[in-house]
1. Which condition number does A:Thr398 fail, the rest of (1) polar (S, T, N, Q); (2) farther than 24 Å from A:Gly277 by Cβ; (3) more than 7 Å from chain B (Cβ to nearest Cβ) being met?
2. Among the residues of the range B:71-84, are any within 14 Å of chain A (Cβ to nearest Cβ), within 17 Å of B:Arg120 (Cβ to Cβ) and β-branched (Val, Ile, Thr)?
3. Which one of A:Ser454, A:Ser448 is more than 7 Å from chain B (Cβ to nearest Cβ), of a type in the set (Gly, Ala, Ser), in contact with a helix residue (DSSP H, G or I) (Cβ under 9 Å, 6 or more places away or on another chain) and crowded, with 24+ Cβ neighbours inside 10 Å?
4. Among the residues of the range B:44-65, is there at least one that is farther than 17 Å from B:Thr176 by Cβ, aromatic (Phe, Trp, Tyr) and either over 25 Å from the mean Cα position of the chain (by Cα) or crowded, with 19+ Cβ neighbours inside 10 Å (or both)?
5. Given the conditions (1) within 14 Å of chain A (Cβ to nearest Cβ); (2) in contact with a strand residue (DSSP E or B) (Cβ under 9 Å, 6 or more places away or on another chain), which single one is not true for B:Val19?
6. Looking at the range A:335-345, is at least one residue in a helix (DSSP H, G or I) and under 19 Å from A:Gly293 (Cα atoms)?
7. Could you list all residues from the range B:247-262 that are in a strand (DSSP E or B) and either over 26 Å from B:Leu391 (Cα atoms) or more than 14 Å from every other protein chain (Cβ to nearest Cβ) (or both)?
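The values are calculated or read from the model by the stated rules, or taken from the named source; none is laboratory data. Quick caveat: nothing in here was measured; it's all calculated off a predicted structure. For neighbour counting, all protein chains shown are included, and Cβ atoms are generated from backbone atoms with ideal geometry for every residue, glycine included.
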2 protein chains.
Amino acid sequence: MTLTAHSIIAGANAEAPSVEAACSAAAEAFATYRATSPEQRSAFLNQVADEIEADRSALVEAAVSESGLPEARIAGEVGRTTGQLRMFADVVRLGDHLGVRLDPALPDRTPLPRPDLRQRMIPLGPVAVFGASNFPLAFSTAGGDTASALAAGCPVVVKGHPAHPRTGELVARAVTRAVAAHDLPAGVFSFLLASDGQSGIELGQELVRDPRLRAVGFTGSRGGGLALVAAAADRSEPIPVYAEMSSINPVVVLPGALADGDVHALASAYVGSLSLGAGQFCTNPGLLCLPEGANGDAFVAAAGEAVAEATGQRMLTRGIAEAYTRGTSALRDRAGVRVVAQGASGGEDAPAPQVVEAKTLGGVTDEVFGASGVVVRYSDAESLVTHLEGLEGQLTATVHYAPADVEAARTLLPVLEQKVGRILFNGWPTGVEVGHAMVHGGPFPATSDGRSTSVGSLAIERFQRPVCYQDVPAELLPDAVRDDNPWGLRRRLDGELE
Amino acid sequence: MTLTAHSIIAGANAEAPSVEAACSAAAEAFATYRATSPEQRSAFLNQVADEIEADRSALVEAAVSESGLPEARIAGEVGRTTGQLRMFADVVRLGDHLGVRLDPALPDRTPLPRPDLRQRMIPLGPVAVFGASNFPLAFSTAGGDTASALAAGCPVVVKGHPAHPRTGELVARAVTRAVAAHDLPAGVFSFLLASDGQSGIELGQELVRDPRLRAVGFTGSRGGGLALVAAAADRSEPIPVYAEMSSINPVVVLPGALADGDVHALASAYVGSLSLGAGQFCTNPGLLCLPEGANGDAFVAAAGEAVAEATGQRMLTRGIAEAYTRGTSALRDRAGVRVVAQGASGGEDAPAPQVVEAKTLGGVTDEVFGASGVVVRYSDAESLVTHLEGLEGQLTATVHYAPADVEAARTLLPVLEQKVGRILFNGWPTGVEVGHAMVHGGPFPATSDGRSTSVGSLAIERFQRPVCYQDVPAELLPDAVRDDNPWGLRRRLDGELE
């Protein structure tokens, strides 16, 4: 069965949009698109950014209305989306991601001559990207996954998120204009939305099963991510799935930080991070580890006051609000859990933020997407390590620290390194910088593939694989590995960078 | 149920060896081992090479007797094994694999300051390595997978191959001496063998299911590899499996190469590569694509003569010889298949080499491990591309080429790039150079993860993942990302190499 989709931008058949049409167009476009030079591909990515910027006011209006997120936040997301595309334009022009390695022939080596060996990275092929609900721009249609896949040389088929169809379609039209402006084949980018009454899940499954696709980028729920991982593994040719799924982002407050710091300011910053954007961030601080004793008690009390004063904000979708309400209610009903405070409801689909304190971590470490915090207490460094070692893989871990905590922090760091993709000190995990040193990833189930990041320039490596050319005649060598180095790449000669 | 193993070298409990003991020792050793400096780890790897070299004569004797492979080949494998370890010692000392990236703080940036961000690669954790039957040294106990995992900072638990238990144990003792000489925890390296009457498969499954292991390296059959992939995916925390499994390594002879070249010499070189080491190479040229017409006919006739003169060599195990006999017999019985020639049997477990010609590729593209070749003919460049596009992923593709073939080769190259990990011209795929530009990998089912290589220095990246440090105080930063760069690493500053 081939599903039809509500809309397709670009691709082969706008009258009868379908996974089939989009994937077939992507496969057809691949050879041409991957053959673009660094300059061409870089210019195309910059143009995508320009086209999105040109639609800024329409985009902001649509995204605010569809997501319920504040205008300032959405405006910032436009900048992040275009900034991300421009960063990858620079990365592509530099060309280091091609990882060129040359081991020249040694015809006189004994006992055997060495052949001429040249290596470069090539793009995997067409990539499916699933738009995320919580970042209608920066992690959706032309968000991080799309930008890094296009940068690697992979055509992209986006499954738009049903929570922001209009925003998705506007962005898709902007990308499509850039494709046309650079005379690229239309199949370089397609955008599919489930039609009315059609299940988005079914559409997504069909997409992942399409034999022409070579990788999947996804940001969303653990259930959704695991379903895609299973579908991809079940193909006759399995493909990698980069699913960013579930994290409660432990925050550790060390005793010195509590003794030295302003407990009220710290607690209020915690609640600020917890309730930012209705708590709808992958990096939301869902778990706080606090020392036992008076300072910790004071922090809990202060956090309770701050939460009690907070009001729920409209969540992205009714389904997300309902899941939050179920999750927070289950937490409250759990034995050993005490409600520290709840805020006020902000109306329909805007449930109250909540902080609870749990005696143990048993049963309270599943992510509740939204402004729901769990506090757990520790007696000493050893019991803290026990807490942390019991956790699943996470995107981030945060440590609040003063110089007096140096020994505890030294013990903690290797433990945290085994659990997370990013370790941050004296800050809050919400807010992910887009740059070269960022890691937005981490061990399972934070992601389905902890060897990579979905934010930052390293993300381009997810959509590549190495190929070696042995004794290939000069007239046939790809530009990246030619002797005269026409792209001016930094290359590795006999293992050392030139 | 915890299985006991026949023997364990190092690890926690030599009296009651088991997966449990080995994995628990590996997990315990991990923190110490991964904290070694580049100099320390590099010296340890060199010592492993020295210890293996010190046992050279005993090793050669054991491996020749257990594998039936000629002494010259095994002696070469000792050199390859130690050379591989020394290459990784150099890679570790250089430190580029740590991929350090620094995005310094921008406290005055508007609208938001940028935090201080630092990234490095860390080792995944303990790794299970499955010894391969066909390379008792270079792909077994201290072979490529072990060397690259140890280089990355991962303790290794080897499941020795039952076809060469004595060789494996000798190598394991050499590694263990190096571990002791460098005062490393014993769990850095363990070696397990299934005990008499115990199924090696069961032992391997238990190993892959152990929650302390973080990755798997395997070289062997498609069935064996897929079973490990399934077991790893089925864990509550799935882990990556690098299985190198199945490849028929298509060789394309272009018309010009046939017109220009010495057809007899070419055919005889083909049969030489096909029957080298009883054909027991992952890169064995199992499929040859030859033009229709008189020159192609002459090649087939010459290849037939060469095969008819060849004698079977003893295969690695009785099971492998039996599978070869079944596979070649099934090929002969297939409709549309004509036997070009068979050689002579070389006695028990030394079945005859064989070349057949097939009308189409239907049903003849499954790997038959051993000296079994299939020839298929093509009428023009288009039919050749159709042949190749119908193939599954492969480790290698070989092109025999003369300048007159340039147009056909240009058409072919992008097709081959999508199918294989290594493309070679005017040579034969057997013989894999260990170096920096090598790729011994390729799309499924050549490997279970085509984004990597199991031979060459890039293999170290399979056992690492990135971690980001945000605003971590100077006194807590790992050496690799400290401002004063004590290891003298080449680092990326704001995206550009320093």
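1. Only one criterion in (1) polar (S, T, N, Q); (2) farther than 24 Å from A:Gly277 by Cβ; (3) more than 7 Å from chain B (Cβ to nearest Cβ) is unmet by A:Thr398, namely (2).
2. No: zero hits.
3. On the way: A:Ser448 fails: crowded, with 24+ Cβ neighbours inside 10 Å.
It is A:Ser454.
4. No, every residue in the range B:44-65 fails to be farther than 17 Å from B:Thr176 by Cβ, aromatic (Phe, Trp, Tyr) and either over 25 Å from the mean Cα position of the chain (by Cα) or crowded, with 19+ Cβ neighbours inside 10 Å (or both).
5. (1)
6. Pass one, the range A:335-345, residues in a helix (DSSP H, G or I): none.
No; the residues of the range A:335-345 include none that is in a helix (DSSP H, G or I) and under 19 Å from A:Gly293 (Cα atoms).
7. Residues of the range B:247-262 in a strand (DSSP E or B): B:251-253.
Correct list: B:Val253 only.
A quick yes/no check of all residues on (1) polar (S, T, N, Q); (2) on the phi > 0 side of the Ramachandran plot:
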position: A:Ser273; (1), (2): yes, no
position: A:Ala278; (1), (2): no, yes
position: A:Gly293; (1), (2): no, yes
position: A:Val300; (1), (2): no, no
position: A:Ala310; (1), (2): no, no
position: A:Met315; (1), (2): no, no
position: A:Gly319; (1), (2): no, no
position: A:Ser329; (1), (2): yes, no
position: A:Ala352; (1), (2): no, no
